[in-house]
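Here is the structure we will look at.
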């Protein structure tokens, strides 16, 4: 389990408006993911695989805000096993908001609320 912050996510109500805002204000490169209502947000130069090409920053994404959490920006932490991590979350006083779910062919995601009320995302790469 790396425990590294590897991604950020920003919810939106109006995708076109949010993309215009973040693209203009921060000059992020934004790429829609067809069929997912999700936009990749590159906050710096990337390799051909989409990974940061320089140290010191992470990339993220934007998604349509729903009724369920997360409803505000979140950090996403890389883990080796989401199910095991969620067991630790509950053992130490956190609350699971959404269990492990597949994200295309790329991997799996889940969300929890920590002991301070913050929503945090988890990421497990496919094949880990």
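The values are calculated or read from the model by the stated rules, or taken from the named source; none is laboratory data. Since this is a predicted model, take the numbers as computed values, not measurements. Cβ placement follows ideal geometry from the backbone for every residue including glycine, while neighbour counts extend to all protein chains displayed.
Put simply, of 117, 66, 127 the only residue that is closer than 17 Å to residue 2 by Cβ, surrounded by fewer than 18 Cβ atoms within 10 Å (Cβ to Cβ), more than 14 Å from the chain's Cα centre (by Cα) and at pLDDT below 95 is 127. Can you find a residue that is under 18 Å from residue 75 (Cβ atoms), in a loop (DSSP other than H, G, I, E, B) and under 15 Å from the mean Cα position of the chain (by Cα) anywhere in the range 13-30? No: the range 13-30 contains no residue that is under 18 Å from residue 75 (Cβ atoms), in a loop (DSSP other than H, G, I, E, B) and under 15 Å from the mean Cα position of the chain (by Cα). For residue 46, the criteria (1) on the phi < 0 side of the Ramachandran plot; (2) at pLDDT below 90; (3) loosely packed, with under 15 Cβ neighbours inside 10 Å hold in every case but one, which is (3). The set of residues in the range 73-102 being surrounded by 17 or more Cβ atoms within 10 Å (Cβ to Cβ) and within 23 Å of residue 57 (Cβ to Cβ) consists of 74, 76, 77, 78, 79.
Only one residue in 32, 78 is out of contact with any helix residue (DSSP H, G or I) (no Cβ under 7 Å at 6 or more places or on another chain) and in contact (Cβ under 8 Å) with a residue 60 or more places away in the chain. Which one? So that I can check it myself, show each step before the final result.
On the way: 32 fails: in contact (Cβ under 8 Å) with a residue 60 or more places away in the chain.
Checking each option against the conditions leaves just 78.
Residues considered: 60, 94, 104, 56. Of these, the only one that is out of contact with any helix residue (DSSP H, G or I) (no Cβ under 8 Å at 6 or more places or on another chain), within 28 Å of residue 13 (Cα to Cα) and without any contact (Cβ under 8 Å) to a residue 24 or more places away in the chain is 94.
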